[in-house]
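Step one of this worksheet: look at the structure below.
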Amino acid sequence: MPHADGAGSLRVEAIASARERFLQWGYSGASISTIAEDLGVTKAALYYHFPDKEALFLAVFDDYLSGVAADLAALAPRFEAGGADRSPVEPRIAALEAFRGLATVFLSRGAASAKMDRLAFQESRHLGEAGRSTLGGRYHRDLVKPLMDCFALAERAHWIRPAREGEPARVWLFMGLLSAFFAPGHESWAESDSLIADLERDAAAFAHVLLGGIGN
């Protein structure tokens, strides 16, 4: 990757390069030296923006999660309208559309979404206590809490039933079902020529399975 002009551009490119290296090699396998080499800059240039590898790792997730948070925030009005009984369409259709949008937030990012989540949970053990706390706090603020709020509003709108004793948290049911759409043999749409059509199909299928289950 060529070295970009400007400190701001270098920071953006460093985060992009580091993301690829961390996804490929994990936290321990990636190094500041390699990332600097990818960018054609010195390690000192990277250390100007990131005091250490942990700071760069956290910046990668800040970038990823801020995008997810913005997309989830844009969807919140759909769930708020349902919860306040202000949806202009029939409840079942409103619910399907809202959850289709929710699935699209993650499916539109392709398999990278699932890979980033695995990277966070598997590699956070290499961070210091403060780093783990920071990463966990960001995940809760930008991903878990917004999803929890959407599910609470969906329950208030009677789009979904109350949770039953012994069931996993709704957020993890949601994320677990999403992972099936990134399973080998299913993620090939991400490379197809009909990306938008296939994405819409999968998002709709996700919403139907989530809300309707697979029972007769």
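Can residue 148 be described as aliphatic (A, V, I, L, M), assigned by TED's automatic domain parsing to the domain that holds residue 172 and farther than 27 Å from residue 30 by Cα? Taking the combined requirement at face value, the residue satisfies it.
A search for C-beta distances below 9 Å between a residue of region 64-83 that is of a type in the set (S, T, N, Q) and any residue that is surrounded by 13 or more Cβ atoms within 10 Å (Cβ to Cβ), counting only pairs 6+ apart in sequence or on different chains, returns 66/138; 66/142. Residue 179 meets all of the listed conditions (1) under 15 Å from the mean Cα position of the chain (by Cα); (2) within 28 Å of residue 56 (Cα to Cα); (3) at pLDDT 90 or above; (4) of a type outside the set (Val, Ile, Thr) but one, namely (3). Of the helices (runs of 4 or more DSSP H) lying entirely inside region 86-163, those containing at least 3 residues that are touching a residue at least 12 places away in the same chain (Cβ under 8 Å), out of contact with any Asp or Glu (no Cβ under 6 Å at 6 or more places or on another chain) and within 27 Å of residue 200 (Cβ to Cβ) are 91-107, 111-123, 145-156.
The values are calculated or read from the model by the stated rules, or taken from the named source; none is laboratory data. Predicted model only: the values in this text are computed from it and were never measured. Counting neighbours? That spans all protein chains shown, and the Cβs are built from the backbone with ideal geometry, glycine included.
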